[in-house]
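Working notes for the structure below.
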Amino acid sequence: MIEVRDAKKWIQNGARRVEILKGITLTIPAGQFVAIVGASGSGKSTLLGLLAGLDTPSSGEIFLDGVPIHNLAETELAAVRGEKIGFVFQSYQLIETLTALENVLLPYELNVEGSGIAQARRLLDEVGLTERVDHYPVQLSGGEQQRVALARAFVVAPPIVMADEPTGNLDSTNGRMVLDLLLERNRKAGTTLVLVTHDPEVASQADRKIVLRDGMIVEDTLPYTGPSAVAIQDQEKNG
């Protein structure tokens with residue numbers, strides 16, 4: 001679903017080049033939940049931005065579902081983002097002049113033909129905001145705003161959801177609720193989930209943990225890749 005080949009990111013400051021990512025290579029299969037962790041300044045959010053097509057690498061290649069996004073024009077990149085990625089920001093990024101329902105509908109209206117109202121209402125119901133559909137962001141708590149942001153990320157049923165510290169601004173109760181909603185989407189819909197976090201508890205829920213330090217991957221803990229429980233049971237039944 002996601003493939004990165006020697007991706008680097010740097011900023012040129014006069015004669016000085018500041019290296020942010022120093023050559024990232026990784027593959028994320030469809031349906032996997034990956035947590036990207038590391039200290040502040042390690043390059044986590046920069047990497048997530050590259051994976052989401054919100055930024056472009058200085059060198060290297062990035063493929064989303066087989067599409068090379070590292071060399072696309074912005075209009076083409078926007079189309080890929082709209083079709084394949086739901087993004088959840090730490091600071092919610094809701095439009096203040098739109099209601100909860102209108103915020104959730106926005107990606108649908110930009111990327112899908114037809115009416116998405118029924119889908120948006122269903123998602124707001126799923127995240128526990130049935131009674132808040134006509135409220136504006138200023139009328140919602142932080143946890144409620146983040147749940148609106150989740151519904152917005154899910155509304156076009158993207159195959160990939162990316163989240164940058166989605167629980168970072170929330171208390172433990174709301175943070176747990178947001179994480180549960182992301183996990184439910186990952187497990188029930190088979191959505192590939194890539195999440196940046198500082199929280200060890202959040203990272204412990206992932207299938208795979210990638211640790212960054214100074215712009216490089218220093219640890220990549222893969223999930224169990226042996227035969228599944230179902231496969232083992234089938235083997236036992238067949239002798």
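The values are calculated or read from the model by the stated rules, or taken from the named source; none is laboratory data. Nothing here was measured: the structure is a model prediction, and the numbers come from that model. So basically every Cβ, Gly included, is an ideal-geometry build from the backbone, and we count neighbours across all protein chains shown.
Quick notes on this one:
- Subset of the range 220-239 that is touching a Lys or Arg at 6+ places or on another chain (Cβ under 7 Å) and either of a type outside the set (A, V, I, L, M) or assigned to a strand (DSSP E or B) (or both) - its residue that is modelled with the highest pLDDT: T221
- Annotation: of all residues in the range 172-198 being touching a residue at least 12 places away in the same chain (Cβ under 8 Å) and farther than 20 Å from Q93 by Cβ, the one that is farthest from the chain's Cα centre (by Cα) is T173.
- Selected residue (only one of I24, I62 is among the aliphatic types (A, V, I, L, M), crowded, with 21+ Cβ neighbours inside 10 Å and closer than 24 Å to V156 by Cβ): I62
- Enumerated strands (runs of 3 or more DSSP E) restricted to the range 12-112, each holding at least 3 residues that are more than 16 Å from the chain's Cα centre (by Cα) and under 30 Å from Q205 (Cα atoms): 16-28
- The single condition from (1) at pLDDT 95 or above; (2) crowded, with 16+ Cβ neighbours inside 10 Å; (3) over 16 Å from V196 (Cα atoms) that L47 fails is (3).
- Count of residues meeting criterion [surrounded by fewer than 16 Cβ atoms within 10 Å (Cβ to Cβ) and at positive phi] in the range 82-116: 2
- Selected residue (only one of R152, R176, R185 is surrounded by 24 or more Cβ atoms within 10 Å (Cβ to Cβ), of a type outside the set (S, T, N, Q) and on the phi < 0 side of the Ramachandran plot): R152
- Flag if A79 is small (G, A, S) and within 20 Å of L182 (Cα to Cα): no
- For V112: the one exception among (1) of a type in the set (A, V, I, L, M); (2) within 14 Å of P158 (Cα to Cα); (3) modelled with pLDDT of 95 or more: (3)
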